[in-house]
Amino acid sequence: MARPDGAEVLDRLTDRERQVLALMAQGRSNAGIAETLVVSERAVAKHINAIFTKLDMPPAADVNRRVLAVVRFLGRT
């Protein structure tokens, strides 16, 4: 079975997950994302974990996964 390309994988994300990923791409911290979206930091963390899962990010240091997710997002936009 072939792996889906980046566009197909990003299409799996919800609108809110795309918003979170876009804010991550701007360099926002979880606290900054929470403030912008008027949600808790815990909600942001849950969205980020869902993003990592949907993008098939390997378990690694959070910073590395965060960077990989942003790179994939920026490659699509």
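The values are calculated or read from the model by the stated rules, or taken from the named source; none is laboratory data. Bear in mind the structure is a predicted one, so any value in this text is a computation, not a measurement. Heads up, the Cβs are rebuilt from the backbone with ideal geometry, glycines too, and the neighbour counts pull from every protein chain shown.
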Problem - Selection within segment 12-26 - under 10 Å from Val70 (Cα atoms), more than 8 Å from the chain's Cα centre (by Cα) and assigned to a helix (DSSP H, G or I) - result: Leu23, Ala25
Practice task
Could you tell me whether Asn30 is surrounded by fewer than 14 Cβ atoms within 10 Å (Cβ to Cβ) and either at pLDDT below 95 or of a type outside the set (D, E, K, R) (or both)?
Solution key: no
Completion exercise
If we ask which residues in segment 7-20 are of a type in the set (A, V, I, L, M, F, W, C) and either modelled with pLDDT under 95 or over 16 Å from Thr53 (Cα atoms) (or both), their number turns out to be 3
Practice task
Quickly run through segment 33-77 and pick out the residues that are of a type outside the set (Ser, Thr, Tyr), modelled with pLDDT of 90 or more and not in a helix (DSSP H, G or I).
Solution key: Val38, Val39
Handout entry: Contacts under 7 angstrom Cβ, first residue in segment 25-54 being free of Cβ contacts under 8 Å to residues at least 60 places away in the same chain, partner acidic (Asp, Glu), 6 or more apart
Key = Asn30/Glu41; Ala31/Glu41; Ala34/Glu41; His47/Glu17; Ala50/Glu17; Ile51/Glu17
